[in-house]
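Reviewing the structure listed below.
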Amino acid sequence: MKKADIILFSVFLLIGIIGITIYFITGKNAEYISVSVDGETIGVYSLNTDCEIPIRSGNGENVLLIQNSTARMILADCPNQDCVLHKEISQSNESIICLPHKVVVTVIKEPVEGDLDAVTY
């Protein structure tokens, strides 16, 4: 290997390490789940409190489970079940979406002021 190859490899390795570090630092601080139906936020829940959240809309029903600082959809009465088959989420800006019911569940770092009257813990 030439000296230039070693330097190039070292630069790419350093960039990769910095990128992974930033990803884990920014993602681990997520503490809330925001639930919206048809574009309107209906609740913000702490990832630190285990609970089941029924989500009812004019299009159907879903049940979200928050457990061990992760969230996943455990029930949906839609035909395709994509949201139920989706992996659990826990990192900032990850989402589970149920298109037939127009439900979006997103991991956020903190509630947005003025978005809701109250935050459920």
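Quick note: the coordinates plus some simple rules give every number you see, no bench work behind them. Just so you know, these numbers come straight off a predicted model, no measurement behind them. Every residue, glycine among them, receives a Cβ derived from its backbone with ideal geometry; neighbour counts consider all protein chains shown.
I'd like to know if segment 74-96 contains one or more residues that are touching a Lys or Arg at 6+ places or on another chain (Cβ under 6 Å) and surrounded by fewer than 15 Cβ atoms within 10 Å (Cβ to Cβ). No; the residues of segment 74-96 include none that is touching a Lys or Arg at 6+ places or on another chain (Cβ under 6 Å) and surrounded by fewer than 15 Cβ atoms within 10 Å (Cβ to Cβ).
Contact annotation: residue pairs with Cβ atoms under 7 Å, 6 or more positions apart or on different chains, pairing a residue in segment 90-110 that is touching a residue at least 40 places away in the same chain (Cβ under 8 Å) with a partner that is aromatic (Phe, Trp, Tyr) and surrounded by 19 or more Cβ atoms within 10 Å (Cβ to Cβ), are ILE108/TYR32; GLU110/TYR32. If the condition is being under 18 Å from ASN93 (Cα atoms) and hydrophobic (A, V, I, L, M, F, W, C), then segment 1-57 contributes ILE20, ILE22, PHE24, ILE25, ALA30, ILE33, VAL35, VAL37, ILE42, VAL44, LEU47.
One residue stands out among those in segment 48-68 that are aliphatic (A, V, I, L, M) and out of contact with any Lys or Arg (no Cβ under 8 Å at 6 or more places or on another chain): the one that is surrounded by the fewest Cβ atoms within 10 Å (Cβ to Cβ), which is VAL63.
Results for (1) acidic (Asp, Glu); (2) touching a residue at least 12 places away in the same chain (Cβ under 8 Å), shown as yes or no for each residue.
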residue	(1), (2)
PHE12	no, no
PHE24	no, no
VAL44	no, yes
THR49	no, yes
GLU61	yes, yes
LEU65	no, yes
CYS78	no, yes
